[in-house]
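Down below is the structure, laid out as structure tokens.
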Amino acid sequence: TDKKDMVLCSPICCILGHVETGKTKLLDCIRGTDVQGGEAGGITQQIGATYFPVEKIREATKELKADAALHVPGLLVIDTPGHESFSNLRSRGSSLCDIAILVVDIMHGIQSQTIESLKLLKKHRIDLIVALNKVDRLFSWKNCPNAPIKKALKQQTEDVKREFDARLTDIVTQFKIQGINTVLYYQSKKVDDTFKNIVPTCAISGEGIPDLLLLSVQWAQKKMKERLTFCEKVECTVLDVKLTEGHGTTIDVVLANGVLHEGDKIVISGMQGPIETHIRALLTPHPMRELRIKGFWRRTLFKTMNNEQGQDMIRRSVKILLIKLIIPCN
Ligand code: GTP
Ligand code: MG
């Protein structure tokens, strides 16, 4: 086959978990932003999305020395709300992803929306990694900013390590009750592939973040060669429809596969039935920026490609998966 066809797409990773486990904060930590602090009541009420280019992932994971092991252009991460009333958004997020990070608070273990998320992932047959977040809440944890988790754990006193081990063992048992085998990720060589990896993290000082990023990408690469290989059939999911200042009606979508062109005729399901329209323009966001942040969408900066008619077009195999479609108002 043509070498170009072998290029892998960026995996789409969905973050799921019970309310307040630190899903948004984990993304803030990777981006170096404070989206969580700007949320009403500090809870997520919409789907968010951020594209992490592979260069950024390489930089964040350099202590783990895995440079050569990254073969995708980047990682698209979808943030979902954990509050029980938003199960529709969790369902949408989990239906469009290639892999999921299930965030569990180390102090609370498995909670109701953890179980709901597990059911969704099982239904959509999505593989998962567990982020065991808030390790800094262990009594007298010593911060080691942005350190790989093994290194950070080594710096802790025997008491902290004991509390960590006890809580980890307990949570592994809770997962087992849900029918899922889990293992601390750097011990996973001792077990078979059916075990889900656990990565301990802290979203405040960044311990374990390099591990989480690297594992997400490597896991997706290893398990999903076929899924991440580009194909022409359009697969596109709507995240949000809104009026955007200066643009009119816009639709935020994730392009999971295929190519979109300016002028393409599209059909969207509306409250009163199908809406037939066409794409007036395509916009893509800044990498490392949240979809929900205003003003970070642009047209020219990104290399959208041109076809013979000179229309803008975007295909997934390029680094771009998050797209804003501008459609005519009616
Ligand atoms: P929802 O989107 O509403 O489901 O919540 P979330 O999972 O996105 O949690 P969020 O990131 O909003 O964090 C909830 C609270 O926990 C905030 O006050 C965070 O500052 C705090 N928090 C998140 N991660 C950590 C962590 O690793 N350690 C500590 N100590 N606090 C954390
Ligand atoms: Mg959140």
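In a shell of Cβ-Cβ distance under 11 Å around SER117, excluding SER117 itself, what net charge do Lys and Arg (+1) and Asp and Glu (-1) give?
Neighbourhood net charge equals +4.
Please work out whether region 33-172 counts as rounded, prolate or oblate from its C-alpha gyration tensor, where a ≥ b ≥ c are the square roots of the eigenvalues and a/c under 1.5 means rounded, while otherwise a/b larger than b/c means prolate and anything else oblate?
Because a/c hits 1.5 or more and a/b fails to exceed b/c, region 33-172 counts as oblate.
Could you please state how large a percent of the accessible area of region 193-289 is carbon and sulfur, counting protein chains only and using a 1.4 Å probe?
Within region 193-289, the accessible surface is 55 percent carbon and sulfur.
Any idea of HIS261's accessible area? Nearest 10 Å², probe 1.4 Å.
My reading of the accessible area for HIS261 is about 50 Å².
List the residues, sorted by chain then number, that are 5 or more residues from ILE101 or on another chain and whose placed amide H is less than 5 Å from its amide H.
Here the answer is CYS14, ILE15, LEU16, ILE129, since their amide H atoms fall under 5 Å of that of ILE101.
Using a 1.4 Å probe on the protein heavy atoms, what percent of the accessible area of region 110-159 belongs to carbon and sulfur?
51 percent
Could you tell me how far the Cα centroid of region 41-67 sits from the Cα centroid of region 117-193, in Å?
What the calculation gives is 19 Å, centre to centre.
If the cut-off is 13 Å between C-alpha atoms, which aspartates and glutamates fall inside it for LYS223, apart from same-chain ones fewer than 8 positions away?
ASP98, ASP127, ASP193
Going down the table (LYS123/LYS222; LYS56/LYS265; LYS150/LYS176; LYS62/LYS176; LYS142/LYS222), which pairs top 31 Å between alpha carbons?
In this structure, LYS56/LYS265; LYS62/LYS176; LYS142/LYS222 exceed 31 Å between Cα atoms.
Using only alpha carbon positions, build the gyration tensor of region 77-149, then give the equivalent ellipsoid semi-axes as the square roots of 5 times its eigenvalues, largest first, whole angstrom.
Taking √(5λ) for each eigenvalue gives 26, 14, 10 Å, largest first.
The values are calculated or read from the model by the stated rules, or taken from the named source; none is laboratory data. All values reported here derive from a predicted model rather than from experimental measurement. Because the Cβ atoms are built from the backbone with ideal geometry, glycine has one as well, and the counts that use them run over all protein chains shown. Just the protein is used for accessible areas: all its heavy atoms, side chains included, with ligands, DNA and RNA removed. Shrake-Rupley method; radii C 1.70, N 1.55, O 1.52, S 1.80 Å.
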